[in-house]
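Everything on this sheet refers to the single structure shown next.
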Amino acid sequence: MRRRLVVGALALATLAGCAARQRTPAEVSGQRQPPFPLSSADPHVEPDLVGTTHVVQKGETLYRIAKAYGVDPRELMDANGISDPKTLAPGQELFVPGAPRAVDVASAPASSAASREPEPPLPRRNPGAKLAWPLQGVLYRGYGVKQGQRHDGIDLSAPEGTLVRAAAPGEVIYTGTQSGYGVIVILRHADSLITLYAHNSAVLVKDGDRVDTGTPIAKVGQSGRTTGPHLHFEVREGTKPRDPIPFLP
């Protein structure tokens with residue numbers, strides 16, 4: 001009985017310690033500047049979370065759905081974490097990035113027309129990936145110049161409060177707030193890799209902490225300039241921004 005009480009007390013102490021480490025945007029503001037410039041002269045700007053949900057109907061294929069909405073099939077696959085378009089099933093919900101509303105998609109005829117559709121290329125998979133995904137969410141914006149603005153990372157839509165996890169073992173080298181980015185956490189890893197996590201609602205680590213892959217470091221939020229809860233995730237080699245996708249499995 002005494003052992004149970006001790007174990008219970010230790011568990012409560014651990015939970016209390018974790019809760020005590022959580023810091024809100026107000027508590028991490030006003031700190032030093034990050035160790036490198038985060039963007040060009042213009043502040044980091046996020047687009048509206050534009051998109052709609054399409055419910056797959058019997059006979060619809062991923063290619064036909066993509067064609068009906070005017071999006072690239074690979075983009076539709078990436079946004080919904082689909083590795084094989086043949087796994088699409090009636091009733092399945094798809095997020096269609098950029099679509100203002102749902103549209104009707106003509107079902108494939110009973111003939112072999114569906115077999116003549118070009119098969120979308122599979123998303124890149126990297127068996128030697130150096131990083132893990134920081135959360136499970138909808139990838140709705142990629143790396144590069146978007147809407148005439150530089151975008152140094154990828155955006156993953158997820159419910160507010162979702163845990164953001166370290167993409168690899170490393171050290172916390174910065175926690176704070178930055179214009180546009182909101183509340184951010186920056187980690188340094190092996191091979192001169194840096195990862196950045198932005199728009200958080202809370203920070204669960206502090207400068208100097210060591211973390212492992214999957215360690216909770218923050219919570220998804222809407223801090224900074226954004227119109228919906230999501231994670232802005234950047235990867236850098238040294239200080240140079242890189243497309244995160246080739247680093248991920």
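The values are calculated or read from the model by the stated rules, or taken from the named source; none is laboratory data. Since the model is a prediction, treat every value here as computed from it, not as a measurement. All accessible areas refer to the heavy atoms of the entire protein, side chains included, with ligands and DNA or RNA removed. Shrake-Rupley method; radii C 1.70, N 1.55, O 1.52, S 1.80 Å.
Observations on the model:
- Set of lysines with alpha-carbon distance to LYS58 below 20 Å, sequence-local pairs under 8 removed: LYS67, LYS86
- Cα-based shape type of region 139-249, given that a ≥ b ≥ c are square roots of the gyration tensor eigenvalues and the cut on a/c is 1.5: oblate
- Sorting LYS219, LYS58 by solvent-accessible area of protein heavy atoms yields LYS58, LYS219, largest first, with a 1.4 Å probe.
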